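Nothing in this text is a laboratory measurement; each read-out follows from the coordinates by a stated rule. Please read all numbers here as calculations on a predicted model, not as lab measurements. When we count neighbours, we look across all protein chains shown, and the Cβ atoms used for this are built from the backbone with ideal geometry, even at glycine.
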Amino acid sequence: MHRGKGMKFVGDSRVTANNRKPNIPKDYSEYPGKTEAFWPNFLLKEWMVGAVFLIGYLILTVAHPAPLERMADPTDSGYIPLPDWYFLFLYQLLKYPYAAGDYTVIGAVVIPGLAFGALLLAPWLDTGKERKPGRRPIASGLMLLAVIATIYLTWESVDQHDWEAAAQQGAIVEVDIDESAHGFEIYSQQMACIGCHGNQMEGGSYPTLIGTGLTADEVVDIVTNGRGTMPGGTFSGSDEELRVLAEFIENDGHDPAE
């Protein structure tokens, strides 16, 4: 018989016992205010719910791609912007007198700051152990008020927005120009023009050159002397080439002979 056979040092942490139990979470039913272990019970449930919502958002993204509008035009002062759906309630809030104009700071900073600050501090402001909403009237009431206010403001924003005008102002207009025309050949050599008005004259940091309604003489005057934020004297070519380009713009991307 070998020495020490059948003996276990249960009091020495350096010796591994053979009958260790698996990692089973404690039974918290005996502890008031405790319902389950954070790991892995609670955290696993949170991950599962988060995964379901993430998959749902991915499906919506694939099924309904984000709508695209025409290239932004910073000189278009009549454009009415609209934020994404999850910011519509804040967009609507800024329309009211007490949150706009001289009080924009209240609508843009103070009110959202108080709301989101209270949400972040909720675990410290409400330390009650009750989990039933009826037994936590203050927290439940504030949350219900926030949900109702968000839904109401979002609905009002959607109902008051002119969707038909928004669709027209953001519609992508196909540019139909004759790339074989002499005027386009001259335009493609003007890096200053391309940098502001796009490769196809569709617009960029400056408006499109298609459908301007300008005459050739007006185009020559604008290119020569400038207008607004557009500087003059940026054309690098002869006067004859400038006239051909101006007539090309006047005819919406086609030579006059066409």
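Each of 254, 64 was scored by other Cβ atoms within 10 Å of its Cβ. Arranged with the fewest first, they read 64, 254. Applying 1/(1 + (r/R0)^6) with R0 = 22 Å to the Cβ-Cβ distance of residue 104 and residue 146 gives a FRET efficiency near 0.50. Computed over region 68-218, the Cα gyration tensor eigenvalues convert (square root of 5λ each) into semi-axes of 51, 15, 15 Å, ordered from largest to smallest. Farthest towards the positive end of the charge dipole of region 82-173, among the residues 157, 119, 99, is the Cα of 119, using unit charges on the Cβ of Lys, Arg, Asp and Glu.
Of the peptides 37-43, 185-191, the order by per-residue mean of other Cβ atoms within 10 Å, starting with the highest, comes out as 185-191, 37-43.
Per-residue packing, averaged as other Cβ atoms within 10 Å, sorts the ranges 137-144, 195-202, 48-55, 209-216 into the order 195-202, 209-216, 137-144, 48-55, beginning with the highest.
Please arrange 103, 98 by how many other C-beta atoms lie within 10 Å of their C-beta, fewest to most.
Ascending Cβ contact count within 10 Å gives the list 98, 103.
Extension gain, residue 138 to residue 243: 0.36 nm times the residue separation minus the Cα-Cα distance gives 30.4 nm.
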